[in-house]
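Asker: Sharing a structure below in C-alpha coordinates format, with a few things to ask.
The values are calculated or read from the model by the stated rules, or taken from the named source; none is laboratory data. A quick note: this is a predicted structure, and the numbers were derived from the prediction, not measured. Heads up, the Cβs are rebuilt from the backbone with ideal geometry, glycines too, and the neighbour counts pull from every protein chain shown.
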Amino acid sequence: MQDRTDPDTTVAALAARFGGHAVGEADRRIRRCATLPDADAEALSFLANPRYVEPALESAAGCVLLSADHAARFEGRTLWVHDDPYFAFRQAMTVLHGFRPLPPVGIDAQAWIDDTAEVGELCTIRPGAYVARGAKIGRRVTLYPNVYVGKQAVIGDDCVLHPGVCVYDGCVLGDRVVLHANTSIGQDGLGYATAKAPEDDEVRHHKIPCAGNAVVEDDVEMGACCAIDRATLGSTVIGRGTKFSDHVVIGHGCTIGPHNLFVAGVGVAGSVTTGAYVVMGGQVGVAGHLTLGDGAKIAASSKVMHDVPPGESWGGTPAQPLTQTKRLLLQQQRLPELAAVVKRLERQVGALEARFDTGHA
(Lines give C-alpha, C1' and ligand atoms only; values in the text may rest on other atoms or scores of the structure.)
Protein backbone atom coordinates (compact mmCIF):
# COMPACT_ATOMS: atom_id res chain seq x y z
CA MET A 1 0.00 0.00 0.00
CA GLN A 2 1.76 3.06 -1.23
CA ASP A 3 1.28 6.75 -0.56
CA ARG A 4 0.19 8.88 -3.50
CA THR A 5 2.67 8.79 -6.36
CA ASP A 6 1.87 12.02 -8.24
CA PRO A 7 -0.30 14.59 -6.45
CA ASP A 8 0.12 17.04 -9.35
CA THR A 9 -0.60 15.79 -12.87
CA THR A 10 -2.60 16.71 -15.98
CA VAL A 11 -5.68 15.40 -17.70
CA ALA A 12 -3.60 14.34 -20.70
CA ALA A 13 -1.12 12.48 -18.48
CA LEU A 14 -3.91 10.57 -16.75
CA ALA A 15 -5.47 9.59 -20.09
CA ALA A 16 -2.10 8.53 -21.50
CA ARG A 17 -1.41 6.38 -18.45
CA PHE A 18 -4.82 4.78 -17.90
CA GLY A 19 -6.52 4.90 -21.30
CA GLY A 20 -9.21 7.01 -22.91
CA HIS A 21 -8.62 10.49 -24.24
CA ALA A 22 -8.73 14.08 -23.06
CA VAL A 23 -11.19 16.64 -24.42
CA GLY A 24 -10.82 20.39 -23.98
CA GLU A 25 -7.97 21.74 -21.85
CA ALA A 26 -5.82 18.61 -21.87
CA ASP A 27 -2.91 20.26 -20.00
CA ARG A 28 -5.12 21.34 -17.08
CA ARG A 29 -3.44 20.58 -13.75
CA ILE A 30 -5.25 18.04 -11.56
CA ARG A 31 -4.24 17.84 -7.91
CA ARG A 32 -7.05 15.89 -6.24
CA CYS A 33 -10.19 13.82 -6.74
CA ALA A 34 -13.50 15.08 -5.39
CA THR A 35 -17.23 14.46 -5.42
CA LEU A 36 -19.28 16.41 -7.95
CA PRO A 37 -20.63 18.94 -5.40
CA ASP A 38 -17.24 19.49 -3.73
CA ALA A 39 -14.99 19.63 -6.80
CA ASP A 40 -13.13 22.78 -7.82
CA ALA A 41 -10.99 23.80 -10.80
CA GLU A 42 -8.07 21.59 -9.70
CA ALA A 43 -10.20 18.52 -9.01
CA LEU A 44 -11.19 15.46 -11.03
CA SER A 45 -14.68 14.08 -10.56
CA PHE A 46 -16.52 11.34 -12.44
CA LEU A 47 -19.87 10.39 -13.91
CA ALA A 48 -20.73 6.69 -14.10
CA ASN A 49 -24.42 6.62 -13.13
CA PRO A 50 -26.83 8.43 -15.52
CA ARG A 51 -28.86 9.74 -12.59
CA TYR A 52 -25.98 12.14 -11.80
CA VAL A 53 -25.79 13.82 -15.22
CA GLU A 54 -27.37 17.06 -14.00
CA PRO A 55 -25.10 17.37 -10.91
CA ALA A 56 -22.13 16.74 -13.22
CA LEU A 57 -23.24 19.52 -15.55
CA GLU A 58 -23.49 21.89 -12.58
CA SER A 59 -20.21 20.78 -10.97
CA ALA A 60 -17.22 23.14 -10.86
CA ALA A 61 -14.84 20.20 -11.41
CA GLY A 62 -11.81 21.08 -13.52
CA CYS A 63 -12.25 17.76 -15.32
CA VAL A 64 -15.13 15.29 -15.45
CA LEU A 65 -14.34 11.64 -16.16
CA LEU A 66 -17.15 10.01 -18.13
CA SER A 67 -18.05 7.69 -20.99
CA ALA A 68 -18.52 8.73 -24.62
CA ASP A 69 -22.29 8.26 -24.17
CA HIS A 70 -22.45 11.38 -22.00
CA ALA A 71 -19.67 13.49 -23.50
CA ALA A 72 -21.86 15.31 -26.04
CA ARG A 73 -23.79 17.06 -23.25
CA PHE A 74 -20.60 18.58 -21.82
CA GLU A 75 -19.59 20.80 -24.74
CA GLY A 76 -16.92 23.31 -23.76
CA ARG A 77 -15.85 21.39 -20.63
CA THR A 78 -12.55 19.64 -19.97
CA LEU A 79 -13.23 15.91 -20.01
CA TRP A 80 -11.48 12.61 -19.66
CA VAL A 81 -13.48 10.17 -21.82
CA HIS A 82 -13.06 6.52 -20.89
CA ASP A 83 -14.91 3.25 -21.57
CA ASP A 84 -14.98 2.45 -17.84
CA PRO A 85 -15.14 5.71 -15.87
CA TYR A 86 -15.53 4.02 -12.48
CA PHE A 87 -12.37 1.95 -12.81
CA ALA A 88 -10.45 4.84 -14.37
CA PHE A 89 -11.41 7.00 -11.38
CA ARG A 90 -10.05 4.29 -9.12
CA GLN A 91 -6.75 4.45 -11.02
CA ALA A 92 -6.65 8.24 -10.66
CA MET A 93 -7.30 7.91 -6.92
CA THR A 94 -4.23 5.69 -6.53
CA VAL A 95 -2.09 8.33 -8.24
CA LEU A 96 -3.51 11.45 -6.61
CA HIS A 97 -4.27 10.14 -3.11
CA GLY A 98 -2.73 6.70 -2.71
CA PHE A 99 -3.56 4.19 0.01
CA ARG A 100 -3.27 4.63 3.76
CA PRO A 101 0.47 4.72 4.58
CA LEU A 102 1.75 1.92 6.80
CA PRO A 103 3.71 2.60 10.00
CA PRO A 104 7.51 2.39 9.95
CA VAL A 105 9.07 -1.06 9.72
CA GLY A 106 10.19 -2.55 13.00
CA ILE A 107 9.13 -4.71 15.95
CA ASP A 108 8.09 -2.72 19.00
CA ALA A 109 9.53 -3.73 22.36
CA GLN A 110 6.00 -3.96 23.76
CA ALA A 111 4.96 -6.61 21.23
CA TRP A 112 5.07 -10.21 22.51
CA ILE A 113 6.51 -12.84 20.18
CA ASP A 114 7.06 -16.41 21.30
CA ASP A 115 10.59 -17.69 20.92
CA THR A 116 9.38 -20.50 18.65
CA ALA A 117 7.50 -18.19 16.29
CA GLU A 118 9.01 -17.31 12.91
CA VAL A 119 8.89 -13.70 11.71
CA GLY A 120 9.96 -12.77 8.17
CA GLU A 121 12.06 -9.80 7.16
CA LEU A 122 10.84 -6.19 7.09
CA CYS A 123 7.84 -6.86 9.32
CA THR A 124 6.09 -4.19 11.39
CA ILE A 125 4.70 -5.35 14.74
CA ARG A 126 3.15 -2.69 16.96
CA PRO A 127 2.72 -2.52 20.76
CA GLY A 128 0.42 -5.12 22.28
CA ALA A 129 0.49 -7.50 19.33
CA TYR A 130 0.82 -11.16 20.39
CA VAL A 131 2.34 -13.92 18.27
CA ALA A 132 1.93 -17.36 19.85
CA ARG A 133 4.01 -20.51 19.88
CA GLY A 134 4.90 -21.95 16.49
CA ALA A 135 3.22 -19.21 14.47
CA LYS A 136 4.77 -18.23 11.14
CA ILE A 137 4.71 -14.63 9.92
CA GLY A 138 5.75 -13.91 6.33
CA ARG A 139 7.72 -10.99 4.94
CA ARG A 140 6.62 -7.35 5.09
CA VAL A 141 3.65 -8.15 7.34
CA THR A 142 2.09 -5.39 9.44
CA LEU A 143 0.45 -6.25 12.77
CA TYR A 144 -1.23 -3.27 14.41
CA PRO A 145 -1.71 -2.97 18.21
CA ASN A 146 -3.59 -5.76 19.98
CA VAL A 147 -3.50 -8.19 17.06
CA TYR A 148 -3.53 -11.84 18.20
CA VAL A 149 -1.91 -14.59 16.11
CA GLY A 150 -2.58 -18.01 17.63
CA LYS A 151 -0.27 -20.99 17.92
CA GLN A 152 0.70 -22.67 14.64
CA ALA A 153 -1.14 -19.98 12.65
CA VAL A 154 0.40 -18.97 9.33
CA ILE A 155 0.38 -15.43 7.93
CA GLY A 156 1.57 -14.95 4.33
CA ASP A 157 3.65 -12.15 2.84
CA ASP A 158 2.49 -8.52 2.69
CA CYS A 159 -0.52 -9.00 4.96
CA VAL A 160 -1.98 -6.13 7.02
CA LEU A 161 -3.88 -6.92 10.22
CA HIS A 162 -5.49 -3.84 11.76
CA PRO A 163 -6.06 -3.31 15.51
CA GLY A 164 -7.89 -6.03 17.38
CA VAL A 165 -7.72 -8.67 14.64
CA CYS A 166 -7.65 -12.24 15.93
CA VAL A 167 -6.30 -15.19 13.95
CA TYR A 168 -6.97 -18.36 15.93
CA ASP A 169 -4.65 -21.32 16.27
CA GLY A 170 -3.87 -23.30 13.13
CA CYS A 171 -5.54 -20.86 10.74
CA VAL A 172 -3.87 -19.76 7.52
CA LEU A 173 -3.78 -16.43 5.69
CA GLY A 174 -2.38 -16.26 2.15
CA ASP A 175 -0.41 -13.36 0.72
CA ARG A 176 -1.64 -9.75 0.64
CA VAL A 177 -4.58 -10.37 2.96
CA VAL A 178 -6.00 -7.25 4.64
CA LEU A 179 -8.16 -7.62 7.76
CA HIS A 180 -9.70 -4.53 9.28
CA ALA A 181 -10.30 -3.81 12.95
CA ASN A 182 -11.70 -6.54 15.23
CA THR A 183 -12.16 -9.16 12.52
CA SER A 184 -11.83 -12.74 13.77
CA ILE A 185 -10.58 -15.73 11.79
CA GLY A 186 -11.16 -19.25 13.06
CA GLN A 187 -13.34 -18.96 16.16
CA ASP A 188 -15.54 -21.97 16.96
CA GLY A 189 -18.66 -22.37 14.86
CA LEU A 190 -22.20 -23.00 16.07
CA GLY A 191 -21.87 -26.76 16.34
CA TYR A 192 -23.92 -28.47 19.06
CA ALA A 193 -25.69 -31.81 19.44
CA THR A 194 -28.95 -31.46 21.36
CA ALA A 195 -29.61 -34.56 23.41
CA LYS A 196 -29.97 -36.05 26.86
CA ALA A 197 -26.60 -37.42 27.86
CA PRO A 198 -26.47 -40.69 29.84
CA GLU A 199 -25.19 -38.87 32.91
CA ASP A 200 -27.79 -36.09 32.72
CA ASP A 201 -31.58 -36.02 33.10
CA GLU A 202 -31.95 -32.80 31.10
CA VAL A 203 -31.80 -32.24 27.34
CA ARG A 204 -28.86 -29.94 26.65
CA HIS A 205 -26.84 -28.50 23.75
CA HIS A 206 -23.56 -30.43 23.77
CA LYS A 207 -20.64 -28.69 22.08
CA ILE A 208 -18.97 -30.50 19.16
CA PRO A 209 -15.19 -30.01 19.10
CA CYS A 210 -13.92 -27.89 16.22
CA ALA A 211 -10.94 -29.83 14.92
CA GLY A 212 -10.65 -27.98 11.59
CA ASN A 213 -9.38 -24.52 10.75
CA ALA A 214 -10.06 -21.50 8.53
CA VAL A 215 -8.07 -20.68 5.41
CA VAL A 216 -8.10 -17.22 3.80
CA GLU A 217 -6.51 -17.27 0.37
CA ASP A 218 -4.44 -14.59 -1.40
CA ASP A 219 -5.65 -11.02 -1.97
CA VAL A 220 -8.69 -11.21 0.32
CA GLU A 221 -9.80 -8.08 2.15
CA MET A 222 -12.34 -8.00 4.97
CA GLY A 223 -13.90 -4.99 6.65
CA ALA A 224 -14.30 -4.41 10.37
CA CYS A 225 -15.89 -6.98 12.70
CA CYS A 226 -16.13 -9.87 10.26
CA ALA A 227 -16.19 -13.39 11.69
CA ILE A 228 -15.07 -16.57 9.93
CA ASP A 229 -15.88 -19.78 11.82
CA ARG A 230 -13.37 -22.61 11.76
CA ALA A 231 -14.59 -25.93 10.37
CA THR A 232 -15.58 -28.82 12.58
CA LEU A 233 -13.47 -31.02 10.28
CA GLY A 234 -11.41 -29.82 7.34
CA SER A 235 -11.31 -26.11 6.51
CA THR A 236 -13.58 -23.14 6.11
CA VAL A 237 -12.18 -21.49 2.96
CA ILE A 238 -12.40 -17.90 1.72
CA GLY A 239 -11.37 -17.88 -1.94
CA ARG A 240 -8.68 -15.70 -3.45
CA GLY A 241 -9.55 -12.13 -4.32
CA THR A 242 -12.79 -12.11 -2.32
CA LYS A 243 -13.81 -8.84 -0.66
CA PHE A 244 -16.09 -8.40 2.38
CA SER A 245 -17.55 -5.24 3.81
CA ASP A 246 -18.10 -4.91 7.60
CA HIS A 247 -19.96 -7.39 9.83
CA VAL A 248 -19.91 -10.34 7.43
CA VAL A 249 -20.30 -13.72 9.17
CA ILE A 250 -19.31 -17.02 7.51
CA GLY A 251 -20.38 -20.26 9.17
CA HIS A 252 -18.25 -23.32 9.78
CA GLY A 253 -17.31 -25.52 6.85
CA CYS A 254 -18.22 -23.02 4.12
CA THR A 255 -16.27 -22.76 0.89
CA ILE A 256 -16.52 -19.22 -0.46
CA GLY A 257 -15.31 -19.07 -4.04
CA PRO A 258 -12.80 -16.70 -5.63
CA HIS A 259 -13.57 -13.02 -6.21
CA ASN A 260 -16.85 -12.91 -4.30
CA LEU A 261 -18.23 -9.55 -3.10
CA PHE A 262 -20.29 -9.50 0.12
CA VAL A 263 -21.76 -6.22 1.38
CA ALA A 264 -22.20 -5.38 5.09
CA GLY A 265 -24.31 -7.61 7.30
CA VAL A 266 -24.22 -10.77 5.14
CA GLY A 267 -24.68 -13.96 7.14
CA VAL A 268 -23.87 -17.36 5.62
CA ALA A 269 -24.78 -20.52 7.54
CA GLY A 270 -22.54 -23.56 7.73
CA SER A 271 -21.45 -25.76 4.82
CA VAL A 272 -22.48 -23.32 2.07
CA THR A 273 -20.52 -23.36 -1.19
CA THR A 274 -20.33 -20.40 -3.54
CA GLY A 275 -18.79 -20.25 -6.99
CA ALA A 276 -16.64 -17.51 -8.48
CA TYR A 277 -17.74 -13.85 -8.65
CA VAL A 278 -20.83 -14.30 -6.46
CA VAL A 279 -22.27 -10.98 -5.20
CA MET A 280 -24.47 -10.53 -2.13
CA GLY A 281 -26.09 -7.24 -1.14
CA GLY A 282 -26.32 -5.97 2.42
CA GLN A 283 -28.04 -8.13 5.06
CA VAL A 284 -28.41 -11.18 2.84
CA GLY A 285 -28.90 -14.42 4.76
CA VAL A 286 -28.06 -17.85 3.32
CA ALA A 287 -29.33 -21.08 4.87
CA GLY A 288 -26.92 -23.92 5.47
CA HIS A 289 -25.71 -26.57 3.01
CA LEU A 290 -26.70 -24.60 -0.12
CA THR A 291 -24.76 -24.02 -3.34
CA LEU A 292 -24.67 -20.68 -5.19
CA GLY A 293 -23.26 -20.99 -8.69
CA ASP A 294 -20.68 -18.86 -10.47
CA GLY A 295 -21.80 -15.28 -11.01
CA ALA A 296 -24.95 -15.54 -8.88
CA LYS A 297 -26.23 -12.20 -7.54
CA ILE A 298 -28.42 -11.85 -4.45
CA ALA A 299 -30.32 -8.60 -3.81
CA ALA A 300 -30.00 -6.82 -0.45
CA SER A 301 -31.98 -8.19 2.53
CA SER A 302 -32.87 -11.40 0.70
CA LYS A 303 -33.05 -14.72 2.51
CA VAL A 304 -31.74 -17.60 0.40
CA MET A 305 -33.32 -20.99 1.17
CA HIS A 306 -32.60 -22.89 -2.05
CA ASP A 307 -29.62 -23.47 -4.34
CA VAL A 308 -29.06 -20.64 -6.82
CA PRO A 309 -28.02 -21.65 -10.37
CA PRO A 310 -24.98 -20.01 -11.99
CA GLY A 311 -25.46 -16.54 -13.41
CA GLU A 312 -28.92 -15.94 -11.93
CA SER A 313 -30.05 -12.90 -9.94
CA TRP A 314 -32.33 -13.64 -6.98
CA GLY A 315 -34.09 -11.52 -4.39
CA GLY A 316 -36.82 -11.44 -1.77
CA THR A 317 -37.75 -13.57 1.23
CA PRO A 318 -37.66 -16.41 0.52
CA ALA A 319 -35.32 -15.55 -2.34
CA GLN A 320 -36.36 -16.50 -5.87
CA PRO A 321 -35.43 -15.33 -9.37
CA LEU A 322 -35.41 -11.54 -9.36
CA THR A 323 -37.88 -11.17 -12.25
CA GLN A 324 -40.45 -13.13 -10.26
CA THR A 325 -39.68 -11.15 -7.10
CA LYS A 326 -40.30 -7.89 -8.96
CA ARG A 327 -43.65 -9.16 -10.22
CA LEU A 328 -44.67 -10.09 -6.68
CA LEU A 329 -43.62 -6.67 -5.37
CA LEU A 330 -45.72 -4.96 -8.04
CA GLN A 331 -48.70 -7.09 -7.03
CA GLN A 332 -48.12 -6.23 -3.37
CA GLN A 333 -48.34 -2.54 -4.23
CA ARG A 334 -51.82 -3.23 -5.62
CA LEU A 335 -53.03 -4.95 -2.43
CA PRO A 336 -54.90 -1.89 -1.03
CA GLU A 337 -56.70 -1.49 -4.37
CA LEU A 338 -57.48 -5.21 -4.54
CA ALA A 339 -58.71 -5.19 -0.94
CA ALA A 340 -61.13 -2.37 -1.81
CA VAL A 341 -62.37 -4.41 -4.80
CA VAL A 342 -62.91 -7.46 -2.58
CA LYS A 343 -64.89 -5.39 -0.05
CA ARG A 344 -67.07 -3.97 -2.80
CA LEU A 345 -67.70 -7.44 -4.19
CA GLU A 346 -68.56 -8.70 -0.71
CA ARG A 347 -71.15 -5.95 -0.33
CA GLN A 348 -72.62 -6.72 -3.76
CA VAL A 349 -72.77 -10.46 -3.03
CA GLY A 350 -74.37 -9.73 0.34
CA ALA A 351 -77.02 -7.56 -1.33
CA LEU A 352 -77.74 -10.27 -3.92
CA GLU A 353 -78.01 -12.91 -1.21
CA ALA A 354 -80.44 -10.70 0.72
CA ARG A 355 -82.61 -10.18 -2.36
CA PHE A 356 -82.54 -13.91 -3.13
CA ASP A 357 -83.50 -14.79 0.45
CA THR A 358 -86.34 -12.22 0.43
CA GLY A 359 -87.65 -13.46 -2.92
CA HIS A 360 -87.91 -17.00 -1.56
CA ALA A 361 -89.26 -16.16 1.84
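Asker: Which condition number in (1) in contact with a His (Cβ under 8 Å, 6 or more places away or on another chain); (2) not in a helix (DSSP H, G or I) is the one that residue 53 fails?
Answerer: (2)
Asker: How many residues, within the stretch 271-287, are under 18 Å from residue 318 (Cα atoms), in a loop (DSSP other than H, G, I, E, B) and either out of contact with any Phe, Trp or Tyr (no Cβ under 8 Å at 6 or more places or on another chain) or hydroxyl-bearing (Ser, Thr, Tyr) (or both)?
Answerer: Summing the residues that are under 18 Å from residue 318 (Cα atoms), in a loop (DSSP other than H, G, I, E, B) and either out of contact with any Phe, Trp or Tyr (no Cβ under 8 Å at 6 or more places or on another chain) or hydroxyl-bearing (Ser, Thr, Tyr) (or both) in the stretch 271-287 gives 5.
Asker: Assess whether residue 97 counts as being buried (at least 19 other Cβ atoms within 10 Å of the Cβ), touching a residue at least 12 places away in the same chain (Cβ under 8 Å) and under 19 Å from residue 43 (Cβ atoms).
Answerer: no
Asker: Now for a separate question. Considering 207, 196, which residue is touching a Gly at 6+ places or on another chain (Cβ under 8 Å) and charged (D, E, K, R)?
Answerer: Testing whether each residue is touching a Gly at 6+ places or on another chain (Cβ under 8 Å) and charged (D, E, K, R) leaves just 207.
Asker: If you don't mind, another one. Enumerate the pairs (first residue in the stretch 237-259 and assigned by TED's automatic domain parsing to the domain that holds residue 272; second residue anywhere and among the charged types (D, E, K, R) and in a loop (DSSP other than H, G, I, E, B)) with beta-carbon separation below 6 Å, excluding pairs fewer than 6 apart on the same chain, so at least 6 apart or on different chains.
Answerer: From residues that are assigned by TED's automatic domain parsing to the domain that holds residue 272, the pairs are 239/217; 240/217; 240/218; 240/219; 241/219; 258/240.
Asker: Could we say that residue 263 is touching a residue at least 12 places away in the same chain (Cβ under 8 Å), farther than 18 Å from residue 150 by Cα and crowded, with 24+ Cβ neighbours inside 10 Å here? Please lay out each step first, then the result.
Answerer: On the way: touching a residue at least 12 places away in the same chain (Cβ under 8 Å): yes; farther than 18 Å from residue 150 by Cα: yes; crowded, with 24+ Cβ neighbours inside 10 Å: no.
The answer is no for residue 263.
Asker: As an exercise: evaluate residue 294 against (1) assigned by TED's automatic domain parsing to the domain that holds residue 239; (2) part of a helix (DSSP H, G or I) and give the number of the one condition it does not meet.
Answerer: (2)
Asker: Here's something else I'd like to know. Can you pull out every residue in the stretch 159-181 that is of a type in the set (D, E, K, R) and closer than 19 Å to residue 223 by Cβ?
Answerer: 176
Asker: Still on this structure: Here's a check for you: in the stretch 28-81, which residue that is over 16 Å from residue 8 (Cα atoms) and of a type in the set (Val, Ile, Thr) is surrounded by the most Cβ atoms within 10 Å (Cβ to Cβ)?
Answerer: The selected residue is 64.
Asker: Further, regarding this structure: Which residues, taken from the stretch 129-171, are outside any strand (DSSP E or B), of a type in the set (S, T, N, Q) and touching a residue at least 40 places away in the same chain (Cβ under 8 Å)?
Answerer: Once the filter is applied, which keeps residues that are outside any strand (DSSP E or B), of a type in the set (S, T, N, Q) and touching a residue at least 40 places away in the same chain (Cβ under 8 Å), the stretch 129-171 yields nothing.
Asker: Something else now. Here is a list of conditions, (1) farther than 19 Å from residue 187 by Cβ; (2) in contact with a Gly (Cβ under 7 Å, 6 or more places away or on another chain), and residue 290 meets all of them except one; can you say which number that is?
Answerer: Tallying (1) farther than 19 Å from residue 187 by Cβ; (2) in contact with a Gly (Cβ under 7 Å, 6 or more places away or on another chain), residue 290 fails exactly one: (2).
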